[in-house]
Amino acid sequence: MTDPDPRIDEAHAVPMAELVDRLQISGLVKTAGELVGPCPGCGGRDRFGINLSKQIFNCRGCGAKGDQIALVQLALGMGFPEALDWLIGPRQELTSVQLAEQRRRREAADRQRRASEEKARARSIRAARDLFFAARPAEGSMLRDYLTLRGISPELLPVLPPSIRFEPEARYTIPAEGACDKWQVLHSGPAMIAAVVDPAGRVTAVHRTWLDLSQPKGKLILPDPRKEGETLPAKKVLGSKKGGAIRLASPPEARLMVMGEGLETTFSAQVANAYPEPAAYWCGVDLGNMAGRRKLGPGLKYAGIPDMEDDRAWVPPAGCAAWSSSRTATATGG
Ligand SMILES: [Zn+2]
């Protein structure tokens, strides 16, 4: 049996963001903890993503996924040995001292990366809180008109939850062209600001929906200056949404919880009043957040078994005995 190639560990220590530069993969946009954009293998617009904390990539189009070596294979059309040579150079026989030194350096780089990620996360949570608490009460603002346009009238929902606020001049930013960690303001205008709170009830992120009541769905249609003929999503999250939810209604006596992916979906389910008993209505922001990690391994691809080690997965509140995601409500969302 041959020893495992030590270059594989070395390859895993190459930061993905740096590798993207080396491979000259263009068009990726930095969102919370991710680089998203066209796939270097099969193109598209936003089917390809690199998870910066896990340092892995995934493409919803061609199904390519994996580590740094797999990314080189995908981008340059190489086999595994060539990709490893390209990334690290030819294999050298290292002494155990050299190997130990290599490991020490790799671990130090890992620790540094995690620490700077944690710092960035704390910073974005602070920014999210500032944004939420600086926003205005939803009641009496144009949010009422927006929700009415979406079928959620004041008659159906007489009291708006405090988790929703209004910002008349919310700034829509995108990464500045050719500059790292710089942002440019693309639009400034009214937005619905929703608080994403963690299990302890602390605001950890804000979910923003930019509004334009002249549009049929009331949401802003913003052309993407980087991509001819394409538009940007009217909704964005700032902060750390993982494990959090937007609580639209949370009666203490509720033992049933209803969760939708989108805000309007969850509101619709709430005003439809489909359950005879008091229910909590929470919006899960996105399916990935609602689902958490699943167990991976041989034969488990479609098993859908939750990975109970995922300590940042979303967990229903303690008093809940049952929960439901409304399939009919999902169809009205977006
Ligand atoms: Zn692809």
Report task. Could you please state how large a percent of the accessible area of the chain is carbon and sulfur, counting protein chains only and using a 1.4 Å probe? Result -> 54 percent
Report summary line: Ranking P316, G33, Q92 by how far each Cα lies towards the positive end of the charge dipole of the chain (+1 on Lys and Arg Cβ, -1 on Asp and Glu Cβ), the top one is P316
Query raised in the report: Shape call for the stretch 42-155 from the C-alpha gyration tensor, a ≥ b ≥ c root eigenvalues: rounded (a/c under 1.5), prolate (a/b greater than b/c) or oblate?
Result: oblate
**Report entry** Global geometry of the stretch 242-334, whether rounded, prolate or oblate, following the gyration tensor of its Cα atoms and the 1.5 cut on a/c
**Finding:** prolate
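Name the GluC sites (Glu not before Pro) in the stretch 255-311 that are in a loop by DSSP and that have at most 12 other C-beta atoms within 10 Å, would you? Walk me through the numbers on the way to the answer.
Working: sites: E261, E264, E309; in loops: E261, E309.
Answer in residue order: E309.
Quick one: if you take sqrt(5λ) for each eigenvalue of the C-alpha gyration tensor of the chain, what semi-axes come out, biggest first, whole angstrom?
Details: eigenvalues 337, 112, 68 Å².
Rounded to whole Å, the semi-axes are 41, 24, 18.
Accessible area per residue of the chain at 1.4 Å probe, in Å²? Before the final figure, lay out the partial values.
Values: 18800 Å² over 334 residues.
Computed with neighbouring chains in place, this is 56 Å² per residue.
Report, in deg cm²/dmol and to the nearest 500, the calculated mean residue ellipticity at 222 nm for the chain, where each DSSP H run with n ≥ 4 adds -39500 (n - 2.57) and the sum is divided by the residue count.
Working: 9 runs with 99 residues, N = 334.
Only helices count here, giving -9000 deg cm²/dmol.
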Report task. Starting from the Cα gyration tensor of the stretch 6-93, take the square roots of the eigenvalues, sort them a ≥ b ≥ c, and report rounded, prolate or oblate (rounded when a/c is under 1.5, otherwise prolate if a/b is larger than b/c, else oblate). Result -> prolate
**Report entry** Number of Lys pairs (Cα under 17 Å; 8 or more positions apart or on different chains) in the stretch 170-280
**Finding:** 4
**Report entry** Candidates per GluC sites (Glu not before Pro) in the stretch 36-119, loop by DSSP, up to 12 other Cβ within 10 Å
**Finding:** E93
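Quote the relative contact order of the chain in percent (integer), defining contacts as alpha-carbon pairs under 8 Å separated by 6+ residues. List each step's numbers first, then the result.
Working: 552 pairs, mean separation 36.5, N = 334.
Worked out over the chain, it gives 11 percent.
If contacts are Cα pairs under 8 angstrom and at least 6 residues apart, what is the relative contact order of the stretch 242-334 in percent? Mind showing how you got there, number by number?
On the way: 163 pairs, mean separation 38.3, N = 93.
This gives 41 percent for the stretch 242-334.
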Query raised in the report: What dipole magnitude, in Debye to the nearest 20, does the chain give about its Cα centre under +1 on Lys/Arg Cβ and -1 on Asp/Glu Cβ?
Result: 420 debye
Query raised in the report: If you keep only loop residues by DSSP, which GluC sites (Glu not before Pro) in the stretch 132-189 have at most 13 other Cβ atoms within 10 Å of their Cβ?
Result: E155, E177
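The values are calculated or read from the model by the stated rules, or taken from the named source; none is laboratory data. None of these values were measured; they are calculated from a predicted model. FYI the Cβ positions are ideal-geometry reconstructions off the backbone, even for glycines, and counts take in every protein chain you see. Just the protein is used for accessible areas: all its heavy atoms, side chains included, with ligands, DNA and RNA removed. Shrake-Rupley method; radii C 1.70, N 1.55, O 1.52, S 1.80 Å.
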